[in-house]
Amino acid sequence: MQHTTSLRHRVSAARTAAVLAFGTLAVAGAAMAQNYSPELIEKGRYLATASDCIACHTATKTKPMAGGHSISSPVGDIVATNITPSKSHGIGNYSEQQFADALRKGVRADGAQLYPAMPYTAFSLFTNEDVHAMYAYFMEGVKPVDEAPKATTSLPFPMNVRASMIGWNLLFANDKPFEPDPAQTPEWNRGAYLALGAGHCVTCHTPRGAMMQELASKSMSGAQIGAWYAPDITNSKTHGIGSWSVDELTTYLTTGHLPGKSQAAGPMAEAITHSFSQLNETDLRAISTYILSVPSHKPEDPAQRNRFAHGQATDATAGFRGTSFAEGMKQSGTALGAQIFTANCASCHGASGQGTQDSYYPALFGKSITGEANPSNLIAAILNGVDRETPKGGHVFMPPFGDQTNAMVPLKNEEVAALSNFLLTSYGNSAVSVTADQVQVIREGGAKSSLVLLARVGMAVGAVVVLLLLVLLAKKRGRARRR
Ligand code: HEC
Ligand code: HEC
Ligand code: HEC
């Protein structure tokens, strides 16, 4: 079973202070000795799992943490580096202080800035004690791989200048470790520490401003991340998950499947597979307790139904009974959608979208994915399928229907739109509709950011301001000389 004992530490103010005072001493001593206890290495492994380092830092399964995986950001692809203890290609020469700075401040050993694709804004909450354990794990629990991953090269100006991140960090990076709230229970504080730090739920679920900074005032209220939409997970009963219990959220984080409400695909399925499903139940319940206390900034609207209360079982064949299949496929709109559904989806999800009794093949009504006002996840799930594996839920797989080379029946944009519209009107939020253009955007991985443009305009504005200042200065000098 999972490793609860070494982790039953609670983040208390006194302890944090003690660690802050003695941390540096302990650090210097330990790094010299190069000999960490198995318990400490195990604690570090668990924290690294909770932080999902492996998801980003692994491209090849057989070479965990050796880097090479590209993280697509709105401004281009950023390649995660080799963080195995290889002295030639990894972080084998990192001191514990350098490791702490990379994790919490986004500064590399050579002093260069990391891009925020590495979630150091969330990891900044880590206590010194936990950074120490992770350092022990990365130095002695990870196998060194002496290989260089490909480099990040494709970023446009000015993002290709790492120093441009200094300004961003000054404005937006958090530089304070986690501060427990004495008014809350130790369980809530442990949950907040894990959700906001290691689990970095905020990185995906919190909307971002014009400069890609997380908007703290709208924490967890939903955000587009590439092709996918990380929904509102505040405790609002109408637009969040306020209707879920701690047990239900714990089940979702453990298996990625909460019968009757929601399943996880895309990046959430990855986070559950590699990270959340591997955590012990005590920690998952703590995370759930904290998340279900996060308030919404939007006013409740009692007239509005939440996204888990849309749609009902509806026989898809009713619309075209009596017409031949070939004839049906010539139709458009939801009639075409119903045909495509019957041909491709009904075998697993049922002719009325009711799923199977054990819900392995889920019902498509009463679900977040068809009830959500943002249709991105519905389109993305059809195009990309579902692939998730957890210790308690096993392997869950739905084939992708968008892949032109691998899909059994690759669906075109118009077909995915018609299918989505059929699903939305029959089983979901009928106020939402999907166009073929929207499908194309999701196929390409989501809308491109205007950030590059903004930064360029920003630099142009900056240059103009500097020029103006120089002109003013020159004038002043001229005047002074004339006087
Ligand atoms: C969401 C993806 C993501 C996660 C999760 C993540 N990293 Fe990173 N990390 C990156 C990327 C991308 C880079 C390279 C950024 C750059 O080149 O500016 C990076 C860079 C680093 C570096 C700098 C290495 C060097 O010298 O180039 C270290 C150290 C590091 N990560 C450690 C970790 C650890 C430890 C964890 C888990 C606690 C972790 N990362 C989790 C994406 C991630
Ligand atoms: C890498 C990005 C990412 C991270 C990190 C992440 N999520 Fe998610 N989350 C998503 C996406 C995308 C979805 C939508 C998945 C789908 O519908 O298939 C989602 C869905 C959910 C849902 C279901 C909501 C609904 O309406 O059905 C819950 C609950 C949730 N996440 C909680 C969390 C918690 C708690 C954390 C941190 C412990 C977390 N997530 C971390 C991206 C992320
Ligand atoms: C071979 C069986 C199979 C076929 C065919 C199939 N699905 Fe699925 N579908 C699944 C499984 C398995 C899941 C994942 C259940 C889970 O996440 O626990 C799933 C999940 C879904 C979800 C929910 C995804 C989420 O993130 O909540 C949607 C929507 C969906 N399928 C729609 C479709 C549509 C539309 C088609 C036809 C184009 C289709 N499925 C064809 C097996 C199938």
Burial-style ranking of 301-313, 137-149, average other-beta-carbon count within 10 Å with highest first, yields 137-149, 301-313
Counting sequence-distant residues (5 or more places) and residues on other chains, those with an amide H built under 5 Å from that of A223 are A230
The local net charge around R388, scoring Lys/Arg +1 and Asp/Glu -1 for residues other than R388 whose Cβ lies under 15 Å from its Cβ, equals -3
Expected unfolding gain across E179-F397 under the 0.36 nm per residue rule, minus the alpha-carbon gap, is 74.4 nm
Residues other than A163 with Cβ under 13 Å of its Cβ, Lys/Arg counted +1 and Asp/Glu -1, net out at +1
Protection proxy (average C-beta count within 10 Å per residue), highest first, orders 429-438, 192-201 as 192-201, 429-438
Per DSSP, the loop-located trypsin sites (Lys or Arg not before Pro) within the stretch 124-198 having at most 13 other beta carbons within 10 Å are K150
With N306 itself left out, Lys, Arg at +1 and Asp, Glu at -1 over residues whose Cβ is under 11 Å from its Cβ give 0
The ³J(HN,Hα) series, computed from each phi in the stretch 265-280 with the Karplus coefficients 6.51, -1.76 and 1.60 at θ = phi - 60°, rounded to the nearest Hz and given as x for glycine or proline, is 10, x, x, 6, 5, 5, 4, 6, 4, 7, 10, 4, 5, 8, 7, 6
With a Förster distance of 35 angstrom and the Cβ-Cβ distance between N160 and Q312, calculated FRET efficiency to the nearest 0.05 equals 0.10
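Name the shape class, rounded, prolate or oblate, that the alpha-carbon gyration tensor gives for the stretch 28-140, where a ≥ b ≥ c are the square roots of its eigenvalues, rounded holds for a/c under 1.5, and otherwise prolate holds if a/b is larger than b/c and oblate otherwise.
Prolate.
Which of the pairs K367/K412; K176/K298; K61/K143 have their Cα atoms more than 22 Å apart in this structure? Let's see the in-between values first.
On the way: K367/K412 25 Å; K176/K298 28 Å; K61/K143 13 Å.
With Cα atoms farther than 22 Å apart: K367/K412; K176/K298.
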Accessible-area order for H239, H69, largest to smallest, probe 1.4 angstrom, reads H69, H239
For the stretch 400-447, listing GluC sites (Glu not before Pro) in a DSSP loop whose Cβ sees at most 13 other Cβ atoms within 10 Å gives E444
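The values are calculated or read from the model by the stated rules, or taken from the named source; none is laboratory data. Because the structure is a prediction, the values reported are computed rather than measured. Glycine gets a Cβ as well: all are built from the backbone with ideal geometry, and neighbour counts include every protein chain shown. Keep in mind that these areas ignore ligands, DNA and RNA; they rest on the heavy atoms of the full protein, side chains included. Shrake-Rupley method; radii C 1.70, N 1.55, O 1.52, S 1.80 Å.
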